[in-house]
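Visitor: Mind looking over this structure? Questions follow.
The values are calculated or read from the model by the stated rules, or taken from the named source; none is laboratory data. Treat the numbers as computed from the prediction; the structure is a model and nothing was measured. Every residue, glycine as well, gets a Cβ built from its backbone with ideal geometry; the counts of neighbours run over all protein chains shown.
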Amino acid sequence: MTLDEIKDRINELSDGDRAELAAWLLSVDREAWDRQIEADFSPGGAGKELLDEVDAAMKENANKIERFFREYVNGWLLGDIQLC
């Protein structure tokens, strides 16, 4: 069966059957997308290096924010920093 024949048969479906088919196709597409994302960001995947870089940057920024607040709060508690 060709793609054009499939399209013709789909056009012959009732609205309800066409909606059910569309929902099924969407779920198939979502599952394929999930598998591709999983493969891309698994060890050896095309996006793994990028994911590792983002993870490292987030950890670095979290450490910077933590240091800032620690210094700020310590300064405020010691009276070195005035809030107003």
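Visitor: Select from the range 16-59 the residues that are in contact with a Gly (Cβ under 7 Å, 6 or more places away or on another chain) and acidic (Asp, Glu) and list them in ascending order. I'd like the intermediate steps shown before the answer.
Guide: First, the residues of the range 16-59 that are in contact with a Gly (Cβ under 7 Å, 6 or more places away or on another chain): 39-41.
Passing the criteria: only Asp40.
Visitor: While we're on this one: Which of the numbered conditions does Asp40 fail, given that it passes all the others? Conditions: (1) surrounded by 12 or more Cβ atoms within 10 Å (Cβ to Cβ); (2) among the acidic types (Asp, Glu); (3) over 15 Å from the mean Cα position of the chain (by Cα).
Guide: (3)
Visitor: Cβ-Cβ under 8 Å, sequence separation 6+ or interchain: first residue in the range 1-13 and closer than 17 Å to Ala23 by Cα and without any contact (Cβ under 8 Å) to a residue 60 or more places away in the chain, partner of a type outside the set (Lys, Arg) and assigned to a helix (DSSP H, G or I). Which pairs?
Guide: Matching pairs, first to second residue: Ile10/Leu21; Leu13/Leu21.
Visitor: Looking at the range 29-43, is at least one residue aromatic (Phe, Trp, Tyr), assigned to a helix (DSSP H, G or I) and modelled with pLDDT of 90 or more?
Guide: Of all residues in the range 29-43, those aromatic (Phe, Trp, Tyr) come to 33, 41.
When the remaining residues are screened for being assigned to a helix (DSSP H, G or I), the result is 33.
This time we only want the ones that are modelled with pLDDT of 90 or more, so: 33.
Yes: the range 29-43 contains one or more residues that are aromatic (Phe, Trp, Tyr), assigned to a helix (DSSP H, G or I) and modelled with pLDDT of 90 or more.
Visitor: Pairs needed: first member in the range 46-70, outside any helix (DSSP H, G or I); second member anywhere, surrounded by 10 or more Cβ atoms within 10 Å (Cβ to Cβ); C-beta distance under 8 Å; at least 6 residues apart or different chains.
Guide: From the range 46-70, the pairs are Ala46/Asp40; Gly47/Asp40; Gly47/Phe41.
Visitor: Only one residue in Leu13, Leu26 is modelled with pLDDT of 95 or more, not in a helix (DSSP H, G or I) and not polar (S, T, N, Q), so which one is that? First the steps, then the outcome.
Guide: Numbers: Leu26 fails: not in a helix (DSSP H, G or I).
Being modelled with pLDDT of 95 or more, not in a helix (DSSP H, G or I) and not polar (S, T, N, Q) holds for just one of Leu13, Leu26, which is Leu13.
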